[in-house]
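Below is one structure; the comments refer to it alone.
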Amino acid sequence: MEENEVKQESELKREAADTLNQTKEQIKNMNFKEEAQKGKGLINKLFKDPTGTIKEVVKDDNNHFYKTALLIVGIWVAIVLFKEILSCIVYEYHEFNFLTTIKLVVSPILKVLGLGIIIHMLNKQNKQQLTKSITAVAIAKIPVIIASCLGFLTYISYNVTYVTSPIASLLSIISTVLTFFVVKEMFNEEESDKALITFVKVEVIYYIVVFVFSFLGIAL
């Protein structure tokens, strides 16, 4: 049993190293204008045909969407950072704190990475690249990123939250539903009941991770 655990740990480290190298290579060779266009098209497809788009991403063995996923996460990080800077400018009581800012910026990355790793580790029967899990999760988080953009409207007037808050909640629900379809497709679960059980397992583990990171002051 211990030998298997050591083997799994060693394999996960190797996959993490491979993923890091792939990520560096993809960022280095990224055409931001081209990926922005792909991202725009992907968002349109996602809202027109969410299940079909998720299936397309998961079934793509060449992982053509990984660069787009990295750009999506990068935009999310930029939004969080810009909102923090804007809060320091707009609100007198809001003081800039470097450590707090780092935690805020890291949070979107950990949200995607954490959920992607959990799905990857549980999906032993359908072993795939870790980058595919990360890509699928990042795309499922697009509605949450849109909701984050809506937060900028509160700097104009706080009353706008009466409109943006329900929309943000709806977008969060949509993201959760998309994550369910990510799990369903990644695990090749034909039956919805089995897919739901697997999804609940993934979410339970994820929220345990969220609880652990909360002690570090990082909100996932």
Query raised in the report: Counting Lys and Arg as +1 and Asp and Glu as -1, what is the net charge of the other residues whose Cβ lies under 14 Å from the Cβ of residue 192?
Result: -3
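Hey, could you get me the Stokes-Einstein D for the range 39-186, Kirkwood radius over alpha-carbon pairs, 25 °C and 0.890 mPa s, rounded to whole µm² s⁻¹?
The diffusion coefficient I find is 150 µm²/s.
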Requested in this report: Starting with the fewest neighbours, write out 174, 72, 197, 109 ranked by other beta-carbon atoms found within 10 Å of each beta-carbon.
Outcome: 197, 109, 174, 72
Query - Under DSSP loop assignment and at most 14 Cβ neighbours within 10 Å, longest trypsin sites (Lys or Arg not before Pro)-free interval of the chain - result: 1-123
Requested in this report: Compute the distance in nm between two label points, each set 7 Å from the Cα along the Cα-to-Cβ direction, one at residue 16 and one at residue 209.
Outcome: 1.1 nm
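Give me the extension gain from residue 162 to residue 176: residue separation times 0.36 nm, minus the current Cα-Cα distance, reported in nm with one decimal.
On the way: separation 14, 0.36 × 14 = 5.04 nm, distance 2.22 nm.
Value of the extension gain: 2.8 nm.
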Query raised in the report: In nm, to one decimal, how far is the residue 124 label point from the residue 31 one, both placed 7 Å along Cα→Cβ?
Result: 4.3 nm
Report task. Among the listed pairs 124/184; 28/127; 55/141; 55/103; 28/48, give every one whose C-alpha distance is greater than 25 Å. Result -> 28/127; 55/103; 28/48
**Report entry** Per residue convex hull volume, Cα atoms of the range 92-133, in Å³
**Finding:** 67 Å³
Report summary line: Row for the range 72-144, column shape: gyration tensor on C-alpha, a ≥ b ≥ c, rounded if a/c < 1.5 i.e. under 1.5, prolate if a/b over b/c, else oblate; value prolate
Report summary line: Filtering the chain for DSSP H helices with an axial alpha carbon extent of at least 15 Å and a Kyte-Doolittle mean of at least 1.0 returns 66-90, 98-122, 130-140, 161-186, 192-214
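For the chain, the longest stretch holding no chymotrypsin sites (Phe, Trp or Tyr not before Pro) located in a DSSP loop with at most 11 other Cβ atoms within 10 Å is which?
Details: sites that count: 91, 93, 96, 215.
Maximal segment without exposed cleavage sites: 97-214.
Every number in this text was worked out from the coordinates using simple rules, so none of it is lab data. Keep in mind that what you see is a predicted model, and the values were worked out from it rather than measured. Glycine gets a Cβ as well: all are built from the backbone with ideal geometry, and neighbour counts include every protein chain shown.
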